[in-house]
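Asks: Provided herewith is a single structure, encoded as C-alpha cells, for subsequent inquiry.
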Amino acid sequence: MNATDVQKQIQQMVRFIRQEAEEKANEISVAAEEEFNIEKLQLVEAEKKKIRQEYERKEKQVEIRRKIEYSMQLNASRIKVLQAQDDLVNAMKEEASKRLLEVSGDHHHYRHLLKELVVQSLLRLKEPGVLLRCRKDDVHLVEHAVDSAKEEYAEKANVHSPEIIIDSVHLPPGPQHHSHGLSCAGGVVLASRDGKIVCENTLDARLDVAFRKKLPQIRKELFGFAAA
C-alpha cells in the first residue's frame, strides 16, 4: 500500500468519525431540546395549576364574604321587620292603655266595675279579712261598692261577709301630661291581712294579662304568624 492509499484511508476514517460525531451531536441536541420542551411544559402546567388554585382560593373567599354579607343584611332586615312589628304591637297596647282612662270617666259604669273587681278578688283570696288599695280619686266610689261586693261574695262563696279595710296608702293616679312617674288607670288591689297573698286587679294589670293571652292571635292577624 503506497502513501496515497494510506492518505485516502485516513481521510475516509476522518470523514466517518466526523459524520458519527455530527450525528451524535445532533442526537444530543434533539434529546436536549425534547428534554427542555418537556421541562418547560411541566413548569408551565405547574404554574397554570398554581394560578388556578390561587384563583379558586380567592373565588372561595369572595363567595364566603358574599354569603357573610348577605347573611348580615338578611339579619339586619329581619331585625328591622321585628322591630317594626314590635313597635306596631306596642302602639296598639299604648292605644288600649289610653282608652282604659275613659273607663273611669263613666262613674256609674265604673262603680259597677269596681264592685265586680272586688268580688273577683275576694273569690281568689278567700280570706275573712282583706286590705283594699285603690286610687285616691276612686275611694268614694269604692266605699259605695264595698258593701254590695261583700254581700255578693258571701253569697257566692257561702261564707260570712268578709272585713274589708280600705288602705290609707293609695295606688298611683292616672297618667298625667308631662309626667313619667308611676300611674294607674283604675281598679283595685286586695291583699290578705298579713300581706302574703296579693290579688292585683287593676285595669292596667288586666290589660297586661289580656294582651299576653291575645298576643299570638294579634301577631297572626297582623303579620300572618303567631308569637313564639
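Asks: Modelled with pLDDT of 85 or more and not in a helix (DSSP H, G or I) - does that describe any residue in region 93-105?
Replies: yes
Asks: Mind telling me which of the residues Leu117, Leu100 ends up being among the aliphatic types (A, V, I, L, M), in contact with a strand residue (DSSP E or B) (Cβ under 6 Å, 6 or more places away or on another chain) and either surrounded by 12 or more Cβ atoms within 10 Å (Cβ to Cβ) or under 19 Å from Leu203 (Cβ atoms) (or both)?
Replies: Of the residues listed, the single one that is among the aliphatic types (A, V, I, L, M), in contact with a strand residue (DSSP E or B) (Cβ under 6 Å, 6 or more places away or on another chain) and either surrounded by 12 or more Cβ atoms within 10 Å (Cβ to Cβ) or under 19 Å from Leu203 (Cβ atoms) (or both) is Leu117.
Asks: Something else now. Among the residues of region 31-49, is any small (Gly, Ala, Ser) and within 53 Å of the chain's Cα centre (by Cα)?
Replies: Yes: one or more hits.
Asks: So Gln19 passes all but one of these: (1) at pLDDT below 90; (2) touching an Asp or Glu at 6+ places or on another chain (Cβ under 9 Å). Which condition number does it fail?
Replies: Result: Gln19 fails condition (2) only.
Asks: Of the residues Lys40, Lys80, Lys67, Lys50, which is at pLDDT 90 or above, in a helix (DSSP H, G or I), on the phi < 0 side of the Ramachandran plot and out of contact with any helix residue (DSSP H, G or I) (no Cβ under 7 Å at 6 or more places or on another chain)?
Replies: Lys67
The values are calculated or read from the model by the stated rules, or taken from the named source; none is laboratory data. Predicted, not measured: the structure shown is a model, and the values here were computed from it. Please note: Cβ atoms are built from the backbone with ideal geometry, for glycine as well, and neighbour counts cover all protein chains shown.
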